[in-house]
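First the structure, in the form of structure tokens, and then the observations on it.
The values are calculated or read from the model by the stated rules, or taken from the named source; none is laboratory data. Given the structure is predicted, the values throughout are model-derived calculations rather than measurements. Cβ sites come from the backbone with ideal geometry, for glycine too, and all protein chains shown count toward neighbours. Note: accessible area is taken over every heavy atom of the protein model, side chains too, but ligands, DNA and RNA are not part of it. Shrake-Rupley method; radii C 1.70, N 1.55, O 1.52, S 1.80 Å.
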Amino acid sequence: MILIKKSGDLLSHISKLRASNLRIGFVPTMGALHLGHLSLIEAAKKNCDVVVCSIFVNPTQFNQLSDLNSYPRTIENDIQLLLSCSCDILFHPEVTEIYGETLEKESTEDYGTFIHLLEGASRPGHFDGVVTVLRKLFKIVLPHQVFFGQKDYQQCLVVNMLIQRSFPEVKFNLCPIAREIDGLAMSSRNVRLTASERLLAPKIYENLQLVAQNWNLTSWQSAMNQAIENLSNEPFVFEYLSACDQNSLEELGSFQEDAIILAAVRLGSTRLIDNIIIQP
Ligand code: AMP
């Protein structure tokens, strides 16, 4: 694996690979890698000739400085994990390499109403930062295909829109959520959970499943109410559990066969999100 820290070095390396007709797959991450990230690398390896993983804790997508500062950074371990799954290139730039001296971000105001719902409402400006960094990274990595996790479903819709608008030649791949044995969605933030919080955290997925298993005309609403109640008790701090249209993310007013159930709760100082897609 080659480790590259400078944008110019990566761009010239990728340009040579593209000139040799090699297909570039890209997996952007913020590091503190786990098996969920590695599943994206594996998907990229299956579909592309050369896989680039970026590790960059993007300051513009954090709403709280404390969250940015306490975000886990485990680069030595990350490098070992990337070696273990035969990633070809790690791009690990400094903040100034990507942003220069000022952390300016673009606006997603015109992306549509879905941008303001769910994560958009809970984390104002978050998607502005996501789009800003991805546009910069896509211009350096020049990927043929990109790989994102369903765990951040709303982010996937945002990235899809960025691609449609600005990088129509890039293929977007949605990859399934990797889970711990007890169902908890893998996340870099899970290491922040205390032992007792970690024991309770699988309840998020359990309650999403409760809704998915009762997804029919007569039971869906009572299952939703029950799941919301279950996740509203201490030590959970409930943010949302919503049954939404998969494209618009509008909350469903009546039953429909396909949907997505998304949840966000806090456990102590850790904010966790998860979702289940319901297909007819
Ligand atoms: P992050 O490092 O949290 O920015 O995540 C980088 C990429 O990994 C994003 O596309 C995430 O959606 C994806 N990802 C995070 N957790 C998981 C997971 N448990 N399963 C699959 N993909 C994931």
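Structure above, values below:
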{"item": "Per-residue [θ]222 nm for the chain (sum of -39500 (n - 2.57) over DSSP H runs n ≥ 4, rounded to 500)", "result": "-11500 deg cm²/dmol"}
{"item": "Dimensionless Rg/Rh of segment 19-68 - Kirkwood Rh, Rg from C-alpha atoms", "result": "1.11"}
{"item": "Distance between modelled label sites at D67 and N225, nm, 7 Å Cα→Cβ extension", "result": "3.2 nm"}
{"item": "Using a Förster distance of 30 Å, the FRET efficiency for E234-H116 (Cβ separation, nearest 0.05)", "result": "0.55"}
{"item": "For D274, distant residues with modelled amide H under 5 Å away", "result": "A263"}
{"item": "Carbon/sulfur fraction of accessible area - segment 21-101, other protein chains in place, 1.4 Å, %", "result": "50 percent"}
{"item": "Additional length obtainable on full extension of the chain from R266 to K139, 0.36 nm per residue less Cα span", "result": "42.2 nm"}
{"item": "For segment 188-274, radius of gyration divided by Kirkwood radius, i.e. Rg to Rh on alpha-carbons", "result": "1.00"}
{"item": "Selected from T102, C53, I260, residue furthest toward positive end of dipole (the chain; charges at beta carbon)", "result": "C53"}
{"item": "Accessible surface, the chain, averaged per residue in Å² (probe 1.4 Å)", "result": "46 Å²"}
{"item": "Nearest-0.05 FRET efficiency for T96 and Q279, computed from C-beta distance (R0 51 Å)", "result": "0.70"}
{"item": "Rough spin-label spacing in nm, given labels placed 7 Å along Cα→Cβ, for T194 and Q209", "result": "2.6 nm"}
{"item": "Potential extension, R179-K5 segment - 0.36 nm per residue separation minus Cα distance", "result": "59.6 nm"}
{"item": "Segment 187-236: C-alpha pair distances exceeding 15 Å, %", "result": "51 percent"}
{"item": "Fraction of antiparallel bridges per DSSP, the chain only, in percent to nearest 5", "result": "50 percent"}
{"item": "Segment 1-118: Rg to Rh, with Rh as the Kirkwood radius over Cα pairs", "result": "1.00"}
{"item": "Across K105/K203; K16/K171; K46/K105; K5/K45; K16/K136; K105/K171, pairs whose alpha-carbon gap is larger than 26 Å", "result": "K105/K203; K46/K105"}
{"item": "Cβ-Cβ FRET estimate between K46 and S166, R0 fixed at 25 Å, reported to 0.05", "result": "0.45"}
{"item": "Unit charges on C-beta of K, R, D, E only; dipole of the chain, Debye", "result": "840 debye"}
{"item": "Long-range tail of P(r) for segment 124-243 (Cα pairs > 21 Å, %)", "result": "54 percent"}
{"item": "Percentage relative contact order, segment 176-247, counting C-alpha pairs under 8 Å, at least six apart", "result": "20 percent"}
{"item": "Tensor-based shape of the chain (alpha-carbon gyration tensor, a/c under 1.5 rounded, otherwise prolate or oblate)", "result": "prolate"}
{"item": "Computed over the chain: relative contact order in percent, which uses C-alpha pairs under 8 Å that are six or more apart", "result": "17 percent"}
